[in-house]
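Comments concern the structure below.
The values are calculated or read from the model by the stated rules, or taken from the named source; none is laboratory data. Bear in mind the structure is a predicted one, so any value in this text is a computation, not a measurement. No Cβ is skipped: glycine too gets one built from the backbone with ideal geometry, and neighbour counts run over all protein chains shown.
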Protein chains: 2
Amino acid sequence: MPSSSWAQSSRRWAGTRKQEPVPSGRSDVCQDIETIHYKYTEFKGDPMRTLPLALLLSLLTGFAVAQSQPQLNLMPMPSSVQQGSGMLPIAQSFSVSVTGTQDPALAAGVQRFIAQLSRQTGIPFRPKTGEAATLTVRAEKGLEAVQKLGEDESYQLAVSASGAQLAAPTSLGALHGLETFLQLVTITPSGFAAPAVSIKDQPRFPWRGLLIDVSRHFIPIDGLKRNLDGMAAVKMNVLHWHLSDDQGFRVESKTFPKLAGMGSEGHYYTQEEIRDFISYAHDRGIRVVPEFDTPGHSRSWFVGYPELASGEGPFTLDSENGPSSVTDPTREETYKFMDKFVEEMGKLFPDAYFHIGGDEVDGKFWDSNPKIQAFKQAHGMKTNQDLQAYYNQRLQKIVAKHHKIMVGWDEILHPDLPKSIVVQSWRGQQSLATAAQQGYRGLLSYGYYLDLMWPTAKHYAIEPMSGAAASLTPEQKALILGGESCQWAEWVTPENVDSHIWPRNAAIAERLWSPQDVTDVKSMYARMRAVSLELEYLGLIHNSARDRMLQRMAGTADIRALRVLADVVEPVKDYNRWDEAKGPIDFHAPLTHMIDAVYPESDAAREFSGLVEQLVKSEYQDRAAESQIRSWLTLWRNNDAKLQPLLKQSALLEDNVAISQNLAMVAAAGLEALDYLDRGQPEPELWKTQQLAVIEQAKKPAAGLLLMMVAPVEQLVEAASNRPR
Amino acid sequence: MPSSSWAQSSRRWAGTRKQEPVPSGRSDVCQDIETIHYKYTEFKGDPMRTLPLALLLSLLTGFAVAQSQPQLNLMPMPSSVQQGSGMLPIAQSFSVSVTGTQDPALAAGVQRFIAQLSRQTGIPFRPKTGEAATLTVRAEKGLEAVQKLGEDESYQLAVSASGAQLAAPTSLGALHGLETFLQLVTITPSGFAAPAVSIKDQPRFPWRGLLIDVSRHFIPIDGLKRNLDGMAAVKMNVLHWHLSDDQGFRVESKTFPKLAGMGSEGHYYTQEEIRDFISYAHDRGIRVVPEFDTPGHSRSWFVGYPELASGEGPFTLDSENGPSSVTDPTREETYKFMDKFVEEMGKLFPDAYFHIGGDEVDGKFWDSNPKIQAFKQAHGMKTNQDLQAYYNQRLQKIVAKHHKIMVGWDEILHPDLPKSIVVQSWRGQQSLATAAQQGYRGLLSYGYYLDLMWPTAKHYAIEPMSGAAASLTPEQKALILGGESCQWAEWVTPENVDSHIWPRNAAIAERLWSPQDVTDVKSMYARMRAVSLELEYLGLIHNSARDRMLQRMAGTADIRALRVLADVVEPVKDYNRWDEAKGPIDFHAPLTHMIDAVYPESDAAREFSGLVEQLVKSEYQDRAAESQIRSWLTLWRNNDAKLQPLLKQSALLEDNVAISQNLAMVAAAGLEALDYLDRGQPEPELWKTQQLAVIEQAKKPAAGLLLMMVAPVEQLVEAASNRPR
């Protein structure tokens, strides 16, 4: 796991905490990405595709072109959509028939489809017999027993006012088509209905993954299952299961029982649970790729098997209570261990790909071991990179012996490894391009780190084929398999993991599925809002868990004032939470503060920001926008008085006193600025200076939170003095 | 099932639909109950009990008497509470030890306790070893393999600043004590803590039940399990499982497989599920009493076994597609069937009590069968009641033969039945008293019908020992075992069943557990609000499901304006929804309208009503109250303009157009009335006449909903003209 543990190792073990500059290797996570101020880029639909103008317009405006052509809330956007006229009513008489291949997985998929349609519409559908089906589904070929990379995932879906037909070469495509149908269904003045539409669809990339780290904080199987449901809804097809890291080894091994037995505090998955989980994923067309990170990020292995380490034990999961280390690549016993281990895990996880991590190996553990130094010298290795390359080559042979293809992070790239391996890049498109130029396949995760708390638009703008990758040859481009979003788990619990992943992950899923020119940010946000609702009906708790967390902090169900504050803040970005934590992370601490409960992105602030832009653009003439701005500002200004008593009675809320005050003060400044603008009266210089001081203060994070309405209010205050009169 | 099916039989089968008067036998559900206008009765605590004055005061005022004595949000209120000083911190170091009997059920209860404490506080507790436990639990005797009526359920709980001790004669009492501890834990300025307190507690009645009807609408096992969790939290100890009725037979029978096979549309519980469910209930100290309603309410039996019926088949579950009937008590085969059936079900359900229904037998099915008439004549029976008594006597012998005690509704009461039977009264305290005078044990359900959509205070005021029961001898009073709330399922789905039961059921649980003099309504509402939050952490969805239902209606996650309307309406009361439905119920129809989503009781309206009372009482001088009233009225007046566009775009919302307009108009009238009051200006007579016409119109139900803020606004309008100037 590249991101957070890098910070952990370099920050924790370096002894001194560097505040700035951000060290290299990490900084490029943020570089090259233009800050997006919700200035919506134009939709670059290519009219040569069969995406008709009407749809483009409806996407752009958010309004139906005609009553018969409502906005399509599809995410990911299909590669080709043509809207027809009329709508297919979804009522109690709705039914589905399946023809073509007899595939139990597809039959189960249809049952899930009906259950979800029932949750979305509230209609209790009953089995029908002897009637013509409303939706006919036909797949030519069933799911493979073990899903393969690059299978045909295409489908065609035609909906008319009288019925719908879904056809696909494989069950996999049919499952995707069912998800599209679910997204088409909407409430109308005459009931639920799906608009007439003709869709031809297939993914842009064959590998569209989500990494979930279950080592830093354990997520029980049911929490993961609902996330699989979410992945299926947005057509993601790989769960990258980060199963081991310094803080915990989460898989039962029968060959090496002390791995989970001593390395998990009892929080691990049994092999039976894992088989059930893989079957659950398979039913949804999702491959499960396990990652066992080695030779770094592996302290949890050493608790039970200290002989694997490069240094002396005893080791514990908690770095505060003992030494850390990395795997010793110089002992033959290490490879005997890995051989048996990969054999067992290779059988448990049927997927062809096997992730060995390989990232962020801290060389100091090798440097301080004389035997390892001697080994390097004896074998003519100059650097620790050379030693890791040696380890990787031997490991790759073991992985290949057990019929698996090795995947690893950027650092494993080395010319001595066979071209069959896959390199996953957390460093950027450049290293992906470098790998492709050398003939290696790659996956992009750079820019898709969900733990960085970025706004969706920033992830959405990350294009695997941009930057260095843009100038690759077609053959080289074909080596870029897709990408994976990453949910590193330093700051999540089963309660808030969903909100860290969703709905933002739906936009990343679209980036990996939809045509490259689907980039309109306004449309993305509108459609993501719809898919977010769909995901809650599926059982995800990304929206609903927040209220319970706020109620816990408040000790009461009446959280109206607390919600107003929560709606307009975001957690600090990138790795600033670690900087603020001022010390190593306590992985057993409760994650129950405001920073843990709020959404990574504030919808209210984005809406407010858009209104201010609209007002500025109208040269302060847009009365409707101004009225809405005043309404927001008044709500915020008045909120602090209601909230303060609550904040003071709870240990979980007291650190929000300042930010709540800031919200009120900044809102008051905004209201006064509007008054000056309305009166055409010049702002007193002193007033402006005071307000800008308040704003400057309010920009600073408090309790790990950013007040997201400050920047647009600053715009108003500046405007009130700059505006020509 | 007395309530709804009576209406069904008499309304549906009588051919003509009577609008009024409410027929006898039903009207007395509502008689004798004073309407409660939130005029809080005084707390009648008896100082001879060890309930100290400080607690009484804190309960009355809702404020802590001193910082060290916060309000105790306990429900049901224990029989004796003494507050100490200081608080026990609940932090990561919290631990529990169990001594006394080695009872796996108690050990499992402690695990659930820790899991729930973790959900409430967000603290990830870890197993501790070698430390002194924060909470010690001691029970002298484990749970019985099959729980018995009248077991010792008492416990003592002592909490100090340094630790807590829970002691009980049985695991049952210890489980109750753990629930009390969970309710003590609250957030404070220094973290989570439980106040120092000394509690001695035991129930007033030994039978505290909840009936759930799963025949009219099927509720899957997981929906029932979360309701068991809720029952345990408020110390209810009997789930009365209404498993069969005209609309469905919900239990797998191996002896008579066509019962569920043909009588359930596939919606039934397997015997394996039932055994698992009973074990789940047993772990929580809850008995499961099955009800198989006979000889009435039994159409679902006849679908597979038409020979049991008094009339000709074929029968279906849907009364629109075929005849109805009742069981034929004159055929010997009927008793052979019942003998085998009771034998099988008696083994499946281990509880000593077996409910045979026996209510609302429609005699016309016997009257129209010549053989049954001949039988009556041959046996000298004058009435159908005589015939039912004959049936019940034979049935009772069968039930007793299989070692069970028969329970039935009021109608089974007959001097020829042995005194061992139990009579459950849906008719009132009078029939309970009559039974007790004849030496029969009884249960009260009259007044606890949750499907009547009453405000909690109205249920809370129903006292089993009041009315005719008040004048019973002590020996006769002892025959009144307790009561049961009843969730009849004409209008519920797995989605909204929780909100029909909770939190109101917690107040009924208190009526049956706590001392008779615990009657303060204001305190009840405050404590119920706290327990409601606790129940959501347990997994109940009584609060959270509403938002999803509103979002479905709206087709968007932005339901702010819709929530304002939903917050201030209630479903029509008693059986008026049936009157309005204008026809037989379609049990397969979606329940997805506003009436299905809103809470039975509006907190906002109650709060508003209290503010108006406060203003009136202050002779219109209470500026703070007036300001809050204006704030509510302004919100409501402005809401309609925001809401109308949403209402018109959804078939599920369009019937709310008028009620949303009414809300705005009535709110506007209230604001104008306040203006007149403030100015001390006389109201123009014409204005008043107009406003009262608007109010009169707004009082009428619309879309099955009542606008609950109308009455207090009417008070304001009347006051503005009546007030002496």
**Study point:** Enumeration of residues in the stretch B:263-287 that are assigned to a helix (DSSP H, G or I), under 30 Å from B:K336 (Cβ atoms), more than 22 Å from the chain's Cα centre (by Cα) and touching a residue at least 24 places away in the same chain (Cβ under 8 Å)
**Key:** B:G263, B:Q271, B:E273, B:I274, B:R275
Revision key, fill the gap. Checking A:A260, A:A164, A:A194, A:A232 in turn, the sole residue that is free of Cβ contacts under 8 Å to residues at least 60 places away in the same chain, in contact with a Ser or Thr (Cβ under 9 Å, 6 or more places away or on another chain) and not in a loop (DSSP other than H, G, I, E, B) turns out to be A:A260
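For (1) within 14 Å of another protein chain (Cβ to nearest Cβ); (2) buried (at least 16 other Cβ atoms within 10 Å of the Cβ), each residue gets a yes or a no:
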{"position": "B:T634", "(1), (2)": "yes, no"}
{"position": "B:D640", "(1), (2)": "no, yes"}
{"position": "B:L653", "(1), (2)": "yes, yes"}
{"position": "B:L677", "(1), (2)": "no, yes"}
{"position": "B:E685", "(1), (2)": "no, no"}
Practice item. Take B:P645 and decide whether it is within 14 Å of chain A (Cβ to nearest Cβ), of a type outside the set (S, T, Y) and not in a strand (DSSP E or B). Key: yes
Review point. Pick from A:D222, A:D201, A:D229: which is acidic (D, E) and surrounded by 23 or more Cβ atoms within 10 Å (Cβ to Cβ)?
Key: A:D201
Check your understanding: Among the residues of the stretch A:599-632 satisfying the criterion of being in a loop (DSSP other than H, G, I, E, B) and not polar (S, T, N, Q), which is surrounded by the fewest Cβ atoms within 10 Å (Cβ to Cβ)?
Key -> A:E619
Exercise for review: For the stretch B:87-107, name all the residues that are surrounded by 19 or more Cβ atoms within 10 Å (Cβ to Cβ), more than 14 Å from every other protein chain (Cβ to nearest Cβ) and under 19 Å from B:S160 (Cα atoms).
Suggested key: B:L88, B:V96, B:V98
Review point. So is A:S466 buried (at least 20 other Cβ atoms within 10 Å of the Cβ) and closer than 23 Å to A:M236 by Cα or not?
Key: no
Review point. Being surrounded by fewer than 20 Cβ atoms within 10 Å (Cβ to Cβ), modelled with pLDDT under 95, of a type in the set (S, T, N, Q) and not in a strand (DSSP E or B), is that true of even one residue in the stretch B:108-125?
Key: no
Review point. If you take the residues in the stretch B:323-350 that are of a type in the set (G, A, S) and in a loop (DSSP other than H, G, I, E, B), which one is nearest to B:V399 (Cα to Cα)?
Key: B:S325
Review point. Looking at (1) without any contact (Cβ under 8 Å) to a residue 40 or more places away in the chain; (2) closer than 25 Å to B:F375 by Cβ; (3) buried (at least 17 other Cβ atoms within 10 Å of the Cβ), which is the one condition that is false for B:T316?
Key: (2)
Check your understanding: Going by the structure shown, is B:A702 closer than 26 Å to B:S721 by Cα and away from chain A (no Cβ under 14 Å)?
Key -> no
**Study point:** Long-range neighbours under 6 Å by Cβ, at least six apart or interchain, first residue on the phi > 0 side of the Ramachandran plot within the stretch B:675-686, second of a type in the set (D, E, K, R)
**Key:** B:G680/B:R725
Check your understanding: Do we have any residue at all in the stretch A:351-360 that's in contact (Cβ under 8 Å) with a residue 60 or more places away in the chain, more than 30 Å from the chain's Cα centre (by Cα) and buried (at least 18 other Cβ atoms within 10 Å of the Cβ)?
Key -> no
Practice item. Would you confirm whether any residue within the stretch B:615-634 is over 31 Å from the mean Cα position of the chain (by Cα) and aromatic (F, W, Y)? Key: yes
Study note, to complete from the structure: Log entry, pairs with first residue in the stretch A:457-485 being among the small types (G, A, S), second being at pLDDT below 95 and part of a loop (DSSP other than H, G, I, E, B), beta carbons closer than 6 Å, six or more apart or on different chains, reads A:A457/A:I36
Review point. Hey, among the residues in the stretch A:212-229 that are in a loop (DSSP other than H, G, I, E, B) and more than 14 Å from chain B (Cβ to nearest Cβ), which one's nearest to A:H542 (Cα to Cα)?
Key: A:V214
Revision key, fill the gap. Those residues of the stretch A:310-322 which are in contact with a Ser or Thr (Cβ under 9 Å, 6 or more places away or on another chain) and more than 20 Å from A:G408 (Cβ to Cβ) amount to A:G311, A:E312, A:G313, A:F315, A:L317, A:G322
Point to revise | helices (runs of 4 or more DSSP H) completely within the stretch B:486-598 that count 3 or more residues being closer than 18 Å to B:R226 by Cα and more than 9 Å from chain A (Cβ to nearest Cβ) | key: B:497-501, B:504-513, B:521-538
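Conditions tested, residue by residue: (1) farther than 19 Å from A:W301 by Cβ; (2) out of contact with any strand residue (DSSP E or B) (no Cβ under 9 Å at 6 or more places or on another chain).
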| position | (1), (2) |
| --- | --- |
| A:N321 | no, yes |
| A:T327 | no, no |
| A:T334 | no, no |
| A:F341 | no, no |
| A:E344 | no, yes |
| A:I356 | no, no |
| A:N369 | no, yes |
| A:K376 | yes, yes |
| A:H379 | yes, yes |
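Yes/no matrix, rows are residues, columns are (1) closer than 30 Å to B:Q147 by Cα; (2) of a type outside the set (D, E, K, R); (3) crowded, with 22+ Cβ neighbours inside 10 Å; (4) more than 38 Å from the chain's Cα centre (by Cα):
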| residue | (1), (2), (3), (4) |
| --- | --- |
| B:D339 | yes, no, no, no |
| B:K347 | yes, no, no, no |
| B:G363 | no, yes, no, no |
| B:K371 | no, no, no, yes |
**Study point:** Pairs where the first residue, in the stretch A:109-125, is within 12 Å of chain B (Cβ to nearest Cβ) and without any contact (Cβ under 8 Å) to a residue 24 or more places away in the chain and the second is part of a helix (DSSP H, G or I) and surrounded by 21 or more Cβ atoms within 10 Å (Cβ to Cβ), C-beta under 8 Å, 6+ apart
**Key:** A:G122/B:M549; A:G122/B:R552
Review point. Does B:G209 satisfy the criteria of being of a type outside the set (F, W, Y) and within 14 Å of chain A (Cβ to nearest Cβ)?
Key: no
Check your understanding: Which one is surrounded by the most Cβ atoms within 10 Å (Cβ to Cβ) among residues in the stretch A:320-337 that are free of Cβ contacts under 8 Å to residues at least 40 places away in the same chain and not acidic (D, E)?
Key -> A:T334
Check your understanding: Scanning for something within 14 Å of another protein chain (Cβ to nearest Cβ), in contact with a Pro (Cβ under 9 Å, 6 or more places away or on another chain) and either free of Cβ contacts under 8 Å to residues at least 60 places away in the same chain or part of a strand (DSSP E or B) (or both), does the stretch B:244-254 turn up at least one residue?
Key -> no
